[in-house]
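In what follows, a structure is listed as structure tokens, so that the remarks can point back to it.
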Amino acid sequence: MKPVTICPKCAGSLEQVVCAGIEVDRCRYCKGIWFDSLEVETLKAVKGSESLDIGNLKISSNVDKITEHVDCPRCHRHMIRMVDIDQHCIWYEKCPACYGVWLDAGEFKNFKDNFNGQGIVGQAKKIFRRKR
Ligand SMILES: [Zn+2]
Ligand SMILES: [Zn+2]
């Protein structure tokens, strides 16, 4: 497969990062991550894989607003906006042709938190604390 090189969100260049033998592509600028089909599912279960996600949701909130005309960096089809079924605050883009997934910075970490069973409860506590 040809490597993907251009960020679908900000047009920054992507760098290859290897985790548990799986290559993903991370944007040098907005820190969003491209996962080929099923890689995100595999890596979610790998201990320490959250270290791939070096950005945070604050930094990526601007690019996260870019929801239209996001093209798959691999096959250049329009990606579909998806909502995580377990965690409705996470939106991500999925390609209908190659099933690759684009996660903005911070979203992979949230995915993993959810996988570890601390997701929604942990976040609700944090928000509650901040408001007090
Ligand atoms: Zn980018
Ligand atoms: Zn694609």
| message | I'd like the full set of residues that are more than 16 Å from ligand 2 (Cβ to nearest atom) and of a type in the set (Val, Ile, Thr), limited to segment 9-34. | response | Val17, Val18, Ile22
| field | Tally, over segment 26-38, of residues that are within 20 Å of Ile85 (Cβ to Cβ) and more than 11 Å from the chain's Cα centre (by Cα) | value | 2
| note | Per the filter on segment 1-25, residues over 16 Å from Asp71 (Cα atoms) and buried (at least 21 other Cβ atoms within 10 Å of the Cβ) are Val24
| field | Asp71 in contact with a Leu (Cβ under 9 Å, 6 or more places away or on another chain), within 15 Å of ligand 1 (Cβ to nearest atom) and either modelled with pLDDT under 95 or not aliphatic (A, V, I, L, M) (or both) | value | no
| field | Yes/no for Ser37 being modelled with pLDDT under 95, within 16 Å of ligand 2 (Cβ to nearest atom) and farther than 17 Å from Lys9 by Cβ | value | yes
| Taking only pairs six or more apart or across chains, which ones have beta-carbon atoms under 9 Å, a first residue in segment 1-26 that is among the hydroxyl-bearing types (Ser, Thr, Tyr), and a second residue that is at pLDDT 95 or above and away from ligand 1 (no atom under 12 Å from the Cβ)? | none
| query | Has segment 86-100 got any residue that is more than 10 Å from ligand 2 (Cβ to nearest atom), in a loop (DSSP other than H, G, I, E, B) and modelled with pLDDT of 80 or more? | reply | no
| Limited to segment 1-15, what total is found for residues that are more than 10 Å from ligand 1 (Cβ to nearest atom) and either at pLDDT below 95 or at positive phi (or both)? | 5
| query | If you go through segment 16-52 one residue at a time, how many are away from ligand 1 (no atom under 15 Å from the Cβ) and outside any loop (DSSP other than H, G, I, E, B)? | reply | 13
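The values are calculated or read from the model by the stated rules, or taken from the named source; none is laboratory data. None of the values given here were measured: they were computed from a predicted structure. Please note: Cβ atoms are built from the backbone with ideal geometry, for glycine as well, and neighbour counts cover all protein chains shown.
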